[in-house]
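Input: a single structure, listed below in structure tokens.
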Amino acid sequence: MIKSAFAVYIQGIKTAIASRMAYRTDYFIGITVMLIWEMVVPMVVFLIYRSGVAFPNWNIYEVLLIQGIFMIAKGISYPCFFGIVWNTIVRVQEGTFDLLLIKPRSALFMALVTGFDAEDLGKLLGGGVLTGICLANLPPANLAQWLNMFIYFILGQGVMFSFAVIMAGTGIKWVGNFRLYEIFDSVTAFGIYPQSIFAKPIRIIISYIIPIAMIGAFPASILLGKPVPQLGWVSLGVAGFLTLSLFYWRRMLASYTSAGG
Amino acid sequence: MSESIITVRNLNKTYTTYERGSSFKDSVKSLFVRKPLKVEAVKNISFEIQKGEICGFLGPNGAGKSTTLKILTGILFPTHGEVNILGYVPWKQRREYVARIGAVFGQKSQLLWDIPPADAFELNRAIYNIPRDRFKKNLAAMVELLDVGEVMGKPTRVLSLGERMKCEFIIAMLHDPEIVFLDEPTIGLDVVAKEKIRGFVKEMNQKGTTFILTTHDLDDVESLARQIILINHGEIIFNDPIEKLSRFFGCKKKINLQTDRSQIDFQLPGLKSLDRRNDTHGNYELDLDILPLKAFLAQADEILCIKDMSIEEIPIESVITALYETKKPED
């Protein structure tokens with residue numbers, strides 16, 4: 001079953017890349033524009049630090065490391081599974097979501113397979129470069145830190161997936177609404193800065209309830225040797241968030257009304 | 001007696017939509033207040049379809065046929081009612097069920113616009129987990145039958161509508177479905193492409209595939225369907241073999257009559273004048289229950305002196321149009 005699902009997913013990626021390569025110039029321009037756009041926040045941080053202002057106990061490379069890892073997280077999740085959001089919104093709006101439901105796979109999986117977005121690999125490239133620059137200017141982390149960071153990073157991908165599922169589910173009911181991305185960006189903005197700058201209630205929410213901090217802040221903190229919440233508790237938070245998102249998706253799917261004709 | 005492959009009992013679908021109005025004022029108002037509108041798209045319909053059938057599922061726009069088909073294909077949940085297809089309840093066992101059916105939507109493509117149909121077939125092979133040798137065998141047979149070998153490697157966007165539709169049929173049938181739902185499969189196609197597709201459907205039907213056909217093209221219906229289900233205002237108004245359709249309003253014939261004498265004052269019981277080309281050449285509808293053909297011929301020849309004539313069945317489109325207009329909603 002898993003082998004078969006993986007084969008479908010790989011075929012979906014091949015198909016998406018082949019489709020995107022039909023317009024290569026647009027693809028490369030798209031990646032470049034995305035790269036510039038994603039660098040806006042790090043540039044703002046850079047300018048703030050240049051003007052002499054700083055987050056307490058965090059130097060510029062430490063802050064940029066959070067944003068670099070956050071970009072890598074987006075660079076992996078956006079092409080690999082975040083496409084379920086635009087794919088669902090567009091298909092529900094056009095009426096072609098029906099075509100996913102006549103396939104012998106889960107609708108969510110079909111949205112995933114047909115929603116691979118090769119253009120979003122630009123985020124991964126940008127995040128990799130930014131993280132590399134930061135790490136080159138910071139004390140090296142040991143193997144245990146890297147392993148721990150990897151576990152938190154994977155959990156962060158679970159949080160990204162949960163967000164994608166909630167947004168896609170909302171797209172079933174809230175037809176044609178691309179403002180969901182802006183809402184998502186606003187909410188996740190809490191995860192691209194050092195957690196110590198937030199009040200305790202907010203830290204609790206973004207660590208355990210809507211665990212945005214898992215996406216970039218905690219993995220980066222681990223590499224920097226800074227304290228993070230215990231793995232057990234944050235894992236529970238991520239599992240809860242994921243379960244909630246899947247439940248929400250099922251509810252939204254059951255209320256799908258299709259387009260006329 | 002052959003077995004029922006589709007059984008539908010008291011199927012009902014009600015949904016809520018919102019009235020928005022068309023003016024700018026209405027649009028602004030709808031930002032704050034929207035009037036909900038309850039729509040009963042399907043009203044307690046029941047029917048059965050036998051295995052190996054080609055069933056024409058017809059109705060005017062907004063009649064409820066697409067909603068019914070979407071419930072039958074597992075896309076929509078009904079409000080209430082029972083459906084059993086191949087032993088499955090479509091919306092409850094969707095994944096297992098859809099592995100055994102296929103669907104072609106004339107206005108929704110399963111092909112991928114920028115890449116060749118061959119790549120879309122390969123993606124579907126993976127989705128349906130079709131063994132490689134069976135996939136190759138099925139693909140080769142259908143490519144030959146539909147004569148689309150030359151277009152397999154071309155991007156879909158450069159294909160003609162007919163070529164694309166043929167490829168849609170291949171996608172729908174690669175996994176050997178037992179039932180195929182066709183929603184407007186020949187819409188916009190030229191005569192040659194339509195004939196090719198009809199021939200393909202007939203051939204697949206002979207091999208045992210059951211087809212449910214939704215269309216507004218009555219040539220498709222006459223050429224393919226053996227059973228007709230007519231739906232209007234969410235209710236079934238006809239469900240019988242196609243032969244019974246032309247006799248729905250009684251046994252009638254269309255008569256084209258050329259005579260030596262003028263037909264201007266020609267009247268007989270059971271005879272309705274349809275149109276007249278000139279004084280001595282006209283078309284009539286004859287109700288055989290009122291005036292048998294033999295009696296009509298004798299009287300018409302005596303009064304008008306028949307020079308030439310033809311007798312035809314009432315065209316199916318006339319019957320269907322009349323049926324669409326018979327039952328109006330009860331407000």
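The values are calculated or read from the model by the stated rules, or taken from the named source; none is laboratory data. No experiment lies behind these values; they were computed from the predicted model shown. As a convention, Cβ positions derive from the backbone with ideal geometry for all residues, glycine included, and neighbour counts pool all protein chains shown.
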Could you tell me whether A:ILE172 is farther than 19 Å from A:PHE70 by Cα and aliphatic (A, V, I, L, M)?
-> yes
Could we say that B:ALA193 is closer than 30 Å to B:LEU174 by Cα, touching a Ser or Thr at 6+ places or on another chain (Cβ under 8 Å) and of a type in the set (A, V, I, L, M) here?
-> yes
Of all residues in segment B:36-77, how many are within 14 Å of another protein chain (Cβ to nearest Cβ), polar (S, T, N, Q) and surrounded by fewer than 21 Cβ atoms within 10 Å (Cβ to Cβ)?
-> 1
Residue among A:LEU231, A:LEU246 that alone is under 22 Å from the mean Cα position of the chain (by Cα), at pLDDT below 95, away from chain B (no Cβ under 14 Å) and surrounded by fewer than 19 Cβ atoms within 10 Å (Cβ to Cβ) | A:LEU231
Mind listing just one residue for me: the one in segment B:86-104 that is touching a Gly at 6+ places or on another chain (Cβ under 9 Å) and in contact (Cβ under 8 Å) with a residue 24 or more places away in the chain and, of those, farthest from B:ASP183 (Cα to Cα)?
-> B:VAL98
Mind checking whether some residue in segment B:78-91 is surrounded by fewer than 20 Cβ atoms within 10 Å (Cβ to Cβ) and at the interface with another protein chain (Cβ under 8 Å from one of its Cβ atoms)?
-> no
Evaluation of B:THR259 against (1) of a type in the set (Val, Ile, Thr); (2) within 23 Å of B:VAL221 (Cα to Cα); (3) at pLDDT 90 or above (one fails), failing number | (2)
Select, from B:GLY102, B:GLY87, B:GLY106, B:GLY56, the only residue that is in the same structural domain as B:HIS175 (by TED's automatic domain parsing), at pLDDT below 90 and not polar (S, T, N, Q).
-> B:GLY106
Would a scan of segment A:54-75 turn up a residue that is away from chain B (no Cβ under 14 Å) and without any contact (Cβ under 8 Å) to a residue 12 or more places away in the chain?
-> yes
Out of A:ARG91, A:ARG105, which single residue is in a loop (DSSP other than H, G, I, E, B) and either within 14 Å of chain B (Cβ to nearest Cβ) or under 20 Å from the mean Cα position of the chain (by Cα) (or both)?
-> A:ARG105
Looking at A:LEU138, A:LEU64, which is the one that is assigned to a helix (DSSP H, G or I) and more than 30 Å from B:ARG95 (Cβ to Cβ)?
-> A:LEU64
Would a scan of segment A:150-159 turn up a residue that is under 19 Å from A:PHE46 (Cα atoms) and out of contact with any His (no Cβ under 8 Å at 6 or more places or on another chain)?
-> no
Restricting attention to segment A:18-34, and to residues there that are within 11 Å of chain B (Cβ to nearest Cβ) and crowded, with 16+ Cβ neighbours inside 10 Å, which single residue is farthest from B:ASN129 (Cα to Cα)?
-> A:ARG20
Top-ranked residue in segment B:104-137 [being small (Gly, Ala, Ser) and out of contact with any Asp or Glu (no Cβ under 7 Å at 6 or more places or on another chain); ranked as nearest to the other protein chains (Cβ to nearest Cβ)] = B:ALA126
